[in-house]
Amino acid sequence: MEEPVVEEMSEKTSDKAQGARTGAEPFAALRHRNFQLYFSGQLVSNAGTWMQTIAQGWLVYELTHSDLALGIVGFAAAVPALIVSPWGGVVVDRVPKRTLLIITQASAMLLAFILAGLSFTNMVQEWHIILLAGGLGLVNAFDGPGRQAFVVEMVGREDLPNAIALNSLMVNSARVIGPALGGILLAIFGVAWCFTINGISFLAVIIGLWAMQVQPHRPLILMESPWKLLVSGVQYVSKQIDLGGLLLLSLIFSVFGISYATVLPAFVEQVLHQGAASYGWVNAAVGVGAVTGALMIANQHGRSWRGTWLVIAGIAFPVVLGAFAYMSFYAISLALAFGLGVGFMVQFTMINTLLQTRVEDQLRGRVMALYTLTFFGFSPIGNLVIGALAQAVGLSESILIFAVLGLALTVLVLWKIPQIKDLP
């Protein structure tokens, strides 16, 4: 009579062990040394990047007092991804990813120091910012798919979902630290020091990448031309209706969801009637919400929940954004910004994870480049349009129009591709 009990207990123990091996632990990916180095370096660097984002947006608005100028800078920063990202994915599939990331991070550091130098000498003009934003966008067109594809090499497939969730947690922890510190430094010392600190912060990533122990790069033997490789990636996605649906949701969210951040400096001044420090705190509130969302995801286990969470976030985000558009009370706007952060994180992480866990390794760079294209490449269109619309009809009205369009298109995709809600 005892043997079945022992056997049942043994099976349960085995299931628990298997759960641990497949990344059920909230911080399973951090048992990998390379990911530890990556996580800590990116935390420092992303905090610096958010400091620069806050300072750059405020600087543009101070120089021009134009909503449209904010949109133009956002357009310049993102348009290289629209043109270059698909080819960036082809490069990622062919070269050592660590080497590529060291090059892109060093390039971004150089651009930050150039902007700092122009600001310290009071020579900075709007066209300098547009040109440097375009240069950084070009760097990110290779850096984005490179980082996405490098994660699986650091942790393996079993811990990949957990690594993506922790990576999102890290990015948005920096989104809390960076804007909060950036707003304070901006108010006290000015924009130049924000750009300088961002440039220094890239050293944390570069040193971490150099310290990693990685397997020697074994290039894929690809006889096709880069153009055929690009076409094969597009064809692969077009035959997978769930992948196509995820990329469509990413595109909608990029154009109509997160574009509000482009005009946020003007919104803080004109609608909330606040200054630079408050601008930093609004961004920090979004970051706190995003960290909360990332922690929720990292501690969620089981099957068939990611699609459901994606559907809920996809509908809730534009609703909260519409309420935020007309909120003139600063304290309540912080609470709504927190909600935007949660919605952003759930959508961003669910789309990323569902794509990465479904794509074949030899096509990973190309598919993640298409994701970079939809999420970042088409954002310049939203940035430019919302800036022009804000100039024409008003800030609150333009944000509300984008929220309504985003909600309508998201519901349409979910109606046409209902299997998205059942994705595990």
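Do we have any residue at all in region 260-268 that's closer than 29 Å to V359 by Cβ and modelled with pLDDT under 90? I'd like the intermediate steps shown before the answer.
Filtering region 260-268 down to residues closer than 29 Å to V359 by Cβ leaves 261.
In the following step, the residues that additionally are modelled with pLDDT under 90 were identified as 261.
Yes, that holds for at least one residue.
Out of curiosity, is N383 surrounded by 24 or more Cβ atoms within 10 Å (Cβ to Cβ) and not aromatic (F, W, Y)?
On the way: surrounded by 24 or more Cβ atoms within 10 Å (Cβ to Cβ): yes; not aromatic (F, W, Y): yes.
Considered against the rule, which asks whether it is surrounded by 24 or more Cβ atoms within 10 Å (Cβ to Cβ) and not aromatic (F, W, Y), N383 comes out as yes.
Among the residues of region 357-377, write down those that are within 17 Å of S238 (Cβ to Cβ) and outside any helix (DSSP H, G or I).
R358, V359, E360
Exactly one condition in (1) surrounded by fewer than 23 Cβ atoms within 10 Å (Cβ to Cβ); (2) modelled with pLDDT of 95 or more is false for L115; which is it?
Here L115 clears every test but (1).
V151 passes all but one of (1) among the aliphatic types (A, V, I, L, M); (2) open to solvent by 10 Å² or more (accessible area, probe 1.4 Å); (3) at pLDDT 75 or above; which number fails?
Among (1) among the aliphatic types (A, V, I, L, M); (2) open to solvent by 10 Å² or more (accessible area, probe 1.4 Å); (3) at pLDDT 75 or above, V151 violates only (2).
Out of all the residues in region 405-424, which are open to solvent by less than 50 Å² (accessible area, probe 1.4 Å) and modelled with pLDDT under 90?
Filtering region 405-424 down to residues open to solvent by less than 50 Å² (accessible area, probe 1.4 Å) leaves 406, 410, 413-414, 417, 420, 423-424.
Residues satisfying the conditions are I420, L423, P424.
Scan region 292-311 and give yes if some residue there is among the aromatic types (F, W, Y) and either open to solvent by less than 10 Å² (accessible area, probe 1.4 Å) or over 20 Å from T53 (Cα atoms) (or both), otherwise no. First the steps, then the outcome.
Filtering region 292-311 down to residues among the aromatic types (F, W, Y) leaves 305, 309.
So of that shortlist, the ones also either open to solvent by less than 10 Å² (accessible area, probe 1.4 Å) or over 20 Å from T53 (Cα atoms) (or both) come out as 305, 309.
The answer is yes; a qualifying residue exists.
Please count how many residues of region 309-368 are farther than 15 Å from A290 by Cα and among the aromatic types (F, W, Y).
Number satisfying all stated conditions: 4.
Quick check on V286: is it aliphatic (A, V, I, L, M) and either modelled with pLDDT under 90 or under 16 Å from the mean Cα position of the chain (by Cα) (or both)?
Working: aliphatic (A, V, I, L, M): yes; either modelled with pLDDT under 90 or under 16 Å from the mean Cα position of the chain (by Cα) (or both): yes.
Yes.
Can you pull out the residues in region 378-417 that are under 15 Å from S250 (Cα atoms) and in a loop (DSSP other than H, G, I, E, B)?
F378, I417
Picking from F317, F402, F329, F376, which residue would you name as being touching a helix residue (DSSP H, G or I) at 6+ places or on another chain (Cβ under 6 Å) and open to solvent by 50 Å² or more (accessible area, probe 1.4 Å)? Spell out how you get there, then give the answer.
Values: F317 fails: open to solvent by 50 Å² or more (accessible area, probe 1.4 Å); F402 fails: open to solvent by 50 Å² or more (accessible area, probe 1.4 Å); F329 fails: touching a helix residue (DSSP H, G or I) at 6+ places or on another chain (Cβ under 6 Å).
On inspection, the qualifying residue turns out to be F376.
Test each condition in (1) open to solvent by 10 Å² or more (accessible area, probe 1.4 Å); (2) in contact (Cβ under 8 Å) with a residue 60 or more places away in the chain for L336 and report the one that comes out false.
(2)
Being in contact with a Ser or Thr (Cβ under 8 Å, 6 or more places away or on another chain), crowded, with 23+ Cβ neighbours inside 10 Å and under 20 Å from Q105 (Cβ atoms) is the requirement here; does A141 meet it?
Details: in contact with a Ser or Thr (Cβ under 8 Å, 6 or more places away or on another chain): yes; crowded, with 23+ Cβ neighbours inside 10 Å: yes; under 20 Å from Q105 (Cβ atoms): yes.
Taking the combined requirement at face value, the residue satisfies it.
Going through region 118-127 one residue at a time, which ones are open to solvent by 20 Å² or more (accessible area, probe 1.4 Å) and touching a Ser or Thr at 6+ places or on another chain (Cβ under 9 Å)? Even if it seems obvious, please write down each step before you answer.
Of the residues in region 118-127, the ones open to solvent by 20 Å² or more (accessible area, probe 1.4 Å) are 118, 120-127.
Answer for region 118-127, where residues must be open to solvent by 20 Å² or more (accessible area, probe 1.4 Å) and touching a Ser or Thr at 6+ places or on another chain (Cβ under 9 Å): F120, E126.
Can you pull out the residues in region 306-343 that are part of a helix (DSSP H, G or I) and within 16 Å of L395 (Cβ to Cβ)? Walk me through how you get there before you give the answer.
Step one: filter region 306-343 for residues part of a helix (DSSP H, G or I), giving 306-325, 330-343.
Result: L321, G322, A323, F324, A325, Y330, S333, L336, A337, L340.
The values are calculated or read from the model by the stated rules, or taken from the named source; none is laboratory data. Owing to the predicted nature of the structure, the values given are computational and were not obtained by experimental measurement. Every residue, glycine among them, receives a Cβ derived from its backbone with ideal geometry; neighbour counts consider all protein chains shown. What goes into the accessible areas is simple: the full protein's heavy atoms, side chains included, and nothing from ligands, DNA or RNA. Shrake-Rupley method; radii C 1.70, N 1.55, O 1.52, S 1.80 Å.
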